[in-house]
């Protein structure tokens, strides 16, 4: 093959162009620019990773804190619930005791009123019976004795009756 024939080949010119572009890139320092750009990008990514790691640690700390608070709140809620149940039981017991005392007091008052009413009724019956007996005695005495003797006996009987009733 002739060296001039090589100039007619398109592959030769493609390779020569490629070598020229690579030479220009090397002369202008493109690999250093690319390397610097990649280094800056790597540093940015490393910074983002450090920031993400820091944020994750903070999130874990916050999560632990919230879990502790939640468990503390659950314990506090259980304590409040048990205290509330105990207080409710105490109030219920007190209310029942007060109600029982009130029922007993009202029952006693009712019994006292009944006893008083019975005593009043008995006194009234005795008074009516005494009045009826006096009236009957007066009629009998008046019918059998004279007016004067009957009046003196009635007066004595009334005086004697009043001393016996009191």
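Observations on the structure shown:
- Flag if residue 123 is part of a helix (DSSP H, G or I) and either touching a residue at least 24 places away in the same chain (Cβ under 8 Å) or in contact with a strand residue (DSSP E or B) (Cβ under 7 Å, 6 or more places away or on another chain) (or both): no
- Qualifying position, being in a helix (DSSP H, G or I), touching a helix residue (DSSP H, G or I) at 6+ places or on another chain (Cβ under 6 Å) and surrounded by 10 or more Cβ atoms within 10 Å (Cβ to Cβ), among 138, 116: 138
- Close pairs (9 angstrom Cβ cut-off, 6 or more residues apart or separate chains): at negative phi and modelled with pLDDT of 75 or more in the stretch 1-22, part of a helix (DSSP H, G or I) and surrounded by 10 or more Cβ atoms within 10 Å (Cβ to Cβ) anywhere: 12/6; 13/7
The values are calculated or read from the model by the stated rules, or taken from the named source; none is laboratory data. Source: prediction; values computed, not measured. Don't worry about glycine lacking a Cβ; one is built from the backbone with ideal geometry, like all the others, and counts go over all protein chains shown.
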